[in-house]
1. Give Ala310, Ala246 a once-over and let me know the one that is within 23 Å of Ile96 (Cβ to Cβ), within 14 Å of the ligand (Cβ to nearest atom), modelled with pLDDT under 95 and in contact with a helix residue (DSSP H, G or I) (Cβ under 7 Å, 6 or more places away or on another chain).
2. Within region 95-104, which residues are out of contact with any Cys (no Cβ under 9 Å at 6 or more places or on another chain) and open to solvent by 10 Å² or more (accessible area, probe 1.4 Å)?
3. May I ask you to list the residues in region 182-213 that are closer than 30 Å to Pro64 by Cα and among the hydroxyl-bearing types (Ser, Thr, Tyr)?
4. List every residue pair whose Cβ atoms lie under 7 Å apart, where the two residues are 6 or more positions apart in sequence or sit on different chains, the first residue falls within region 270-282 and is closer than 12 Å to His321 by Cβ, and the second residue, located anywhere, is among the acidic types (Asp, Glu) and surrounded by 16 or more Cβ atoms within 10 Å (Cβ to Cβ).
5. Hey, among Gly119, Gly143, which residue is under 21 Å from Lys163 (Cβ atoms), within 11 Å of the ligand (Cβ to nearest atom) and open to solvent by less than 30 Å² (accessible area, probe 1.4 Å)?
6. Which residue is modelled with the lowest pLDDT, if the candidates are limited to region 160-190 and must be assigned to a helix (DSSP H, G or I) and open to solvent by 40 Å² or more (accessible area, probe 1.4 Å)?
7. Say we look at region 377-398 and pick out the residues that are under 18 Å from Ala120 (Cβ atoms) and among the hydroxyl-bearing types (Ser, Thr, Tyr); which of these is most open to solvent (accessible area, probe 1.4 Å)?
8. Out of everything in region 257-272 that is outside any strand (DSSP E or B) and farther than 20 Å from Tyr82 by Cβ, what residue ends up being farthest from the ligand (Cβ to nearest atom)?
Amino acid sequence: MNYIMDTIQLPNSKGYYGEYGGAYIPELLFNNIQELEANYKEIISTEIFKKDFDDLLKNYVGRPTPLYYATNLSAQYKCKIYLKREDLCHTGAHKINNTIGQILVAKALGKTRIIAETGAGQHGVATATVCALMNLECVVYMGEVDISRQATNVARMKMLGAKVIPAKSGSKTLKDATNEAIRDWINNPNSYYLIGSVVGPHPYPDMVARFQSVISSEIKQQLKQHQNISEPDFVIACVGGGSNAAGAFYEFIDSKKTKLIGVEAAGKGIDTRHSAATMVLGKDGILHGCKSVVMQTSDGQVIEPYSISAGLDYPGIGPLHAYLGRSKKATYLHVTDDQALEAAINLTRKEGIIPALESAHALAAINLLSPKDTDVIVVNLSGRGDKDMNTYLQHLSY
Ligand SMILES: *Cc1c(COP(=O)(O)O)cnc(C)c1O
């Protein structure tokens with residue numbers, strides 16, 4: 001099947017989704033971005049690209065991932081709940097769909113050194129993995145705090161041959177790592193900057209959404225087989241930058257039937273100053289090269305986000321989501337650390353699946369909906385919980 005979909009008319013030629021998106025970049029990055037912008041659509045529409053991408057997704061990542069009917073969860077919530085099992089992807093999350101796509105673009109552009117930044121470590125692992133596969137040099141920036149929260153992923157990256165550089169400024173988390181990765185790219189314009197979510201300057205949000213759209217094109221086909229329908233009533237996905245949600249929503253963005261639910265991390269609560277719920281707490285602003293909704297003070301300083309899950313600990317949101325949310329084409333909810341932990345243990349005990357903490361936020365949001373018993377809900381299970389075992393053990397009593 002053809003994984004590169006081109007069904008939605010977004011963004012426009014300048015990379016805008018409504019008023020969000022664009023490319024707000026320092027002059028020193030102009031040529032790098034221009035090179036990518038001028039070439040990405042052509043590269044990804046070549047037969048050779050499509051063949052390589054399809055083949056790697058199938059035989060290396062293990063796609064299509066199952067759409068699993070969760071019998072016990074469905075009985076609990078009295079509706080039909082399907083889990084899209086991105087947790088079963090090679091390396092344990094959806095991120096590798098995107099890194100495979102971008103590494104093929106980087107190769108087509110003749111790049112031999114890859115720069116990435118990572119929060120939970122999942123994007124770093126996915127990038128280091130494909131760099132090992134393609135024999136490319138890999139440099140990963142990671143906040144010092146995240147390095148200590150995600151020691152296993154750091155070890156995996158190092159074993160895969162990547163150089164992991166700690167970001168020691170600011171909150172020492174993802175946004176600081178992103179700043180340092182961009183600095184590296186300015187100094188090394190012959191490297192390829194591999195962004196892990198639907199964020200950053202145009203064309204990244206569009207390119208990443210296209211690569212992740214494999215998730216919703218599979219959901220569509222699989223629902224046809226399971227339920228003889230092609231559109232569910234709800235699609236629920238957690239949102240850090242928003243790539244797994246963009247992928248899970250993509251095919252349903254124009255649907256009159258499907259309600260799209262993005263779930264952000266409320267952290268300790270949206271009025272505690274320890275939160276990452278950008279769509280409620282943020283205002284329009286520019287972060288990392290695009291216009292979107294950003295958590296910021298009244299004078300425009302970025303507010304440090306907080307979530308129990310490193311992958312959702314981001315003060316912005318991709319411009320596609322800013323647009324979908326502000327135009328009410330999708331709904332953005334938020335759940336707290338505690339609600340996510342409770343949903344994680346519930347899924348584990350009910351279905352024997354330990355989810356990533358990020359994905360547990362999507363699961364917790366089922367409690368915020370009032371589904372009818374005939375409703376079909378697809379929850380995008382973005383990743384597995386292995387990387388979060390220390391956090392789970394600290395918070396749960398057995
Ligand atoms: C990184 C990550 C996320 C958040 O990133 P998005 O771009 O919002 O998808 C969610 N779940 C898992 C398992 C992750 O690793």
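1. Values: Ala246 fails: modelled with pLDDT under 95.
Matching residue, one of Ala310, Ala246: Ala310.
2. Restricting attention to region 95-104, the residues satisfying the condition of being out of contact with any Cys (no Cβ under 9 Å at 6 or more places or on another chain) are 98, 100-102, 104.
Once the filter is applied, which keeps residues that are out of contact with any Cys (no Cβ under 9 Å at 6 or more places or on another chain) and open to solvent by 10 Å² or more (accessible area, probe 1.4 Å), region 95-104 yields only Leu104.
3. Going through region 182-213, the residues closer than 30 Å to Pro64 by Cα turn out to be 192-213.
Scanning region 182-213 gives Tyr192, Tyr193, Ser197, Tyr204, Ser213.
4. Thr278/Glu264; Met279/Glu264
5. Working: Gly143 fails: within 11 Å of the ligand (Cβ to nearest atom).
When all the criteria are applied, what remains is Gly119.
6. The initial filter retains those residues of region 160-190 that are assigned to a helix (DSSP H, G or I), namely 174-187.
With the extra rule that they be open to solvent by 40 Å² or more (accessible area, probe 1.4 Å), the set shrinks to 179, 183, 186-187.
Numbers: Asn179: 88, Arg183: 93, Ile186: 93, Asn187: 95.
Per the stated criteria, the residue is Asn179.
7. Looking only at region 377-398, we keep the residues that are under 18 Å from Ala120 (Cβ atoms), and these are 380-395.
Applying the additional criterion that residues be among the hydroxyl-bearing types (Ser, Thr, Tyr) yields 382, 391-392.
On the way: Ser382: 5, Thr391: 28, Tyr392: 11 Å².
Of everything passing the filter in region 377-398, Thr391 is most open to solvent (accessible area, probe 1.4 Å).
8. Our first condition is that a residue be outside any strand (DSSP E or B); within region 257-272, this holds for 257-258, 268, 270-272.
Right, trim to farther than 20 Å from Tyr82 by Cβ and you get 268, 270-272.
Values: Lys268: 19, Ile270: 18, Asp271: 23, Thr272: 21 Å.
This residue is Asp271.
The values are calculated or read from the model by the stated rules, or taken from the named source; none is laboratory data. All figures in this text were calculated on a predicted structure; none of them were measured in a lab. Cβ atoms come from the backbone with ideal geometry, glycine included; neighbour counts cover every protein chain shown. For accessibility, only protein heavy atoms count, side chains too; no ligands or nucleic acids. Shrake-Rupley method; radii C 1.70, N 1.55, O 1.52, S 1.80 Å.
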